[in-house]
Amino acid sequence: MTSSNEIATFAGGCFWCMVEPYDERPGIKGVISGYTGGRTENPTYEEVCSNSTGHVEAVQITFDPNVMPYDRIVETFWQQIDPTDNGGQFNDRGESYQTAIFYHNENQRKIAEESKQRLEASGKFSKPIVTGILPAQKFYGAEESHQNYYKKNSFHYKLYKKGSGRADFITKNWTPTKDKAKLKEELSPVQYHVTQENGTEKPFQNEYWDNKADGIYVDLISGEVLFTSKEQFDAGCGWPSFTKPVDNYQVAEKTDTTHGMRRTEVRSKTSDSHLGHVFNDGPKDKGGLRYCMNSAAMRFIPKEEMSKAGYENYLHLFN
């Protein structure tokens, strides 16, 4: 680990489900499933699940705070769990499935405490927030069969996450609420049609289809960073096209069967706005994907204006 990296440790119930939200995101160097907080040295999965060791299932994340700040990592953590449940998580019951943030320094403790206070004040949950914020203890890596389980056993993992109730809980509690009357006042007709009515703007007659400037594209409503000009290419379709998002976690993909076609729709997680569609006809040397977006769903911020606009943390994208 280089001197610029830090460690974050979270317990969020079954550790299988806590790897995917962080893995392969910008600034994340590695995610390990394991055990922490207990009395036994080198515990096994069976021992931890017996609730006899005091350990909880946890993940340890190595990250570069200059790319992925700790506050964003904590924000993602809250969005994966039921923080009001002190008896486990979803179908997994017992102390080994309890939730906690294990801080590694005073700055992490402060950020975690403040984020918990904001969550409590938000009124999102009717019951008290019981997730603990505790000093980090020795972390033991789990058996190899549990590492990157969501990749190794993707079919079973998806069934498990859905069947446990976790997936539905996350959707119910973290899908943004909208005041469509207010949005209709704030947005132009085409912006509202695209983002709120799943519309499509005209090709070659939209703001960014042939943009050549360096900069970032942010969600028109939430301001979350979605794409960068470095991944933009001319697909000849008349809409701004990209090979990949800045952070896959910030976009959601859904099957779209409208207009007699079967396509994959792309939506913003933070605003639940319709952005466009993703296709498999992009540049092969860049992964083969084409994220075909609507200009009306985004706002472009030139590179030279990013710091002034509050996006200085994303300037590393152009290094």
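From the square roots a ≥ b ≥ c of the eigenvalues of the alpha-carbon gyration tensor of the stretch 221-284, which class results: rounded (a/c under 1.5), prolate (a/b over b/c), or oblate?
Oblate, because a/c is 1.5 or more while a/b does not exceed b/c.
So if each residue of separation counts as 0.36 nm, and I subtract the Cα-Cα distance between residue 207 and residue 180, what length gain in nm does that give?
7.4 nm
Take each of the peptides 238-247, 69-78, 206-215, 6-15, average the number of other beta-carbon atoms within 10 Å over its residues, and list them starting from the highest.
Most protected by this proxy first, the peptides run 6-15, 238-247, 69-78, 206-215.
For residue 24 and residue 86 in one chain, what is 0.36 nm times their gap in residues minus the Cα-Cα distance, to one decimal in nm?
Residue separation times 0.36 nm, minus the Cα-Cα distance, leaves 19.3 nm.
Please work out the Cα center distance from the stretch 202-216 to the stretch 92-161, rounded to the nearest Å.
Here the two parts' Cα centres lie 40 Å apart.
Which residue, 10, 134, 65, has the largest displacement toward the positive end of the dipole of the chain when charges sit on each Cβ (Lys, Arg +1; Asp, Glu -1)?
Value computed over the given set: 10.
If one takes the longest principal axis of the Cα atoms in the chain, at what angle in degrees, from 0 to 90 and to the nearest 10, does the Cα axis of helix 154-164 lie?
Relative to the chain, helix 154-164 is tipped by roughly 70 degrees.
Using the structure shown, select from 212/254; 158/178; 127/254; 172/254; 138/162; 152/284 the pairs with a Cα to Cα distance greater than 22 angstrom.
Too far apart for the 22 Å limit: 212/254; 158/178; 127/254; 138/162; 152/284.
How many nm separate the modelled label positions at residue 172 and residue 41, each set 7 Å beyond the Cα in the direction of the Cβ?
With each label placed 7 Å out from Cα toward Cβ, I get 4.5 nm.
By the gyration tensor of its Cα atoms, with a ≥ b ≥ c the square roots of the eigenvalues, what is the shape of the chain: rounded for a/c under 1.5, prolate for a/b over b/c, or oblate?
prolate
Given that compact globular proteins tend to follow 2.2 N^0.38 Å, what is the ratio of the alpha-carbon Rg of the stretch 6-174 to that value?
Output field value: 0.96.
Give the dimensionless ratio obtained when the Cα radius of gyration of the stretch 180-318 is divided by 2.2 N^0.38 Å.
1.00
State to the nearest 20 debye the size of the charge dipole of the chain about its Cα centre, where the only charges are +1 on K and R beta carbons and -1 on D and E beta carbons.
Its charge dipole is roughly 540 debye.
Comparing 136, 181, 100, which has the greatest mean-square fluctuation in the GNM of the chain with Cα pairs linked when under 10 Å apart?
181
Determine the distance separating the Cα centre of the stretch 169-195 from the Cα centre of the stretch 1-75; give it in Å without decimals.
34
With the Cα gyration tensor of the stretch 52-94 giving a ≥ b ≥ c as the square roots of its eigenvalues, does the rule (a/c under 1.5 for rounded; else a/b larger than b/c for prolate; else oblate) give rounded, prolate or oblate?
Taking the square roots of the gyration eigenvalues as a ≥ b ≥ c, the stretch 52-94 is oblate.
Readers should treat all values here as calculations from the given coordinates under stated rules, not as data from a laboratory. Everything numeric here is computed off the predicted structure, so don't read it as measured data. As a convention, Cβ positions derive from the backbone with ideal geometry for all residues, glycine included, and neighbour counts pool all protein chains shown.
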